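Single-structure report; data block below.
Each value in this text was obtained by applying a stated rule to the coordinates, not by laboratory testing. Small disclaimer: the values here were computed from a predicted structure and weren't measured.
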Amino acid sequence: LRLNSEDAVGNAENVFRQNAGAYAGHMWLQKAVNVLANNIAPLSLGVMRGVDAAADFVPGHKVTAILDNPNPDMSPEDVWRMWAVDQMLGGEWGLEVVRAKNGQPVELWPKQPQEFTIKPASLRYRRVAGYKIDDGAGDPYTLTPEEFIHIKFYNPLQPFRGLSPVSAVQLSIQIDQLAQAWSRLFFKNQARPDFAIVAPEGITNSEKVEILSKLRLNHNGANAHEPIVLEQGITDIKVFSWPAKDMEWLTQREMSRDEVAAIVGVPDELMGYGRDTY
């Protein structure tokens with residue numbers, strides 16, 4: 001097993017930025033992740049001891065106090081909302097633990113996947129020697145495992161890094177965005193007419209312009225459904241009907257939407273398009 005930490009952080013950065021771009025520009029991904037984050041963020045966290053039914057919260061624990069007040073600039077809701085969003089988009093997340101002189105943790109500062117590089121100590125036992133932090137300020141620093149909490153989904157391809165759930169539906173998101181772009185172009189530039197006017201003997205350019213002008217004038221707004229009266233030289237009007245395949249992009253969009261909701265784990269009722277039975 002070989003792991004190049006620089007390649008790993010580069011891949012993590014690319015994955016996170018790609019998924020974050022999809023989150024910013026894809027309605028259903030943003031909706032699904034926000035439902036998850038908004039339900040997680042307000043929850044109170046604490047320290048528990050015991051197993052299953054015997055488990056109970058430990059009152060007044062020092063870790064509970066720091067979870068309730070992670071740092072001077074962020075509320076716990078802010079931190080855990082960031083965790084939920086970044087975890088889905090990047091598959092991993094970090095918390096820098098700032099300690100007092102006596103060694104007690106006093107602050108927690110979130111780090112996105114592209115902001116830290118993992119330095120392995122043992123590939124055999126998958127131990128970590130440290131974490132190199134680069135937050136873009138140009139002054140990187142290294143933290144020990146005791147100074148950094150690394151939360152990640154298991155990644156069989158890179159055991160030291162996390163695996164993003166959103167990456168599994170990246171293709172579905174891209175297809176949905178392409179379907180939207182195709183639809184926009186269709187209605188903006190390439191919308192096909194509902195009918196064609198047939199003039200076997202042909203018409204001049206000036207006659208064509210005159211006919212089009214009359215159609216726009218007489219069949220617009222409230223007069224849109226008025227019957228068309230055939231003029232001299234015009235013998236027929238052919239109504240177009242498009243095959244079902246021209247509307248397949250609607251079905252594809254629904255599939256993409258459902259796949260995004262499934263990978264995040266949000267039921268369709270909460271996504272806003274399901275049955276109102278939840």
Whole-Hz ³J(HN,Hα) for each residue in region 120-125, computed from phi via Karplus 6.51 cos²θ - 1.76 cosθ + 1.60 with θ = phi - 60°, x for glycine and proline: what do you get? x, 9, 8, 6, 5, 9
In whole Hz and in residue order, list the ³J(HN,Hα) couplings for region 80-92 that follow from phi through the Karplus curve 6.51 cos²θ - 1.76 cosθ + 1.60, θ = phi - 60°; x for Gly and Pro. 6, 5, 4, 4, 4, 5, 5, 5, 6, 7, x, x, 7
Given the pairs Lys214/Lys238; Lys31/Lys62; Lys62/Lys111; Lys101/Lys152; Lys208/Lys238, which are separated by over 26 angstrom at their Cα positions? Lys31/Lys62; Lys101/Lys152
Return the long-range amide H neighbours of Asn71 (sequence gap of 5 or more, or a different chain), with a cut-off of under 5 Å between placed amide H atoms. Leu108
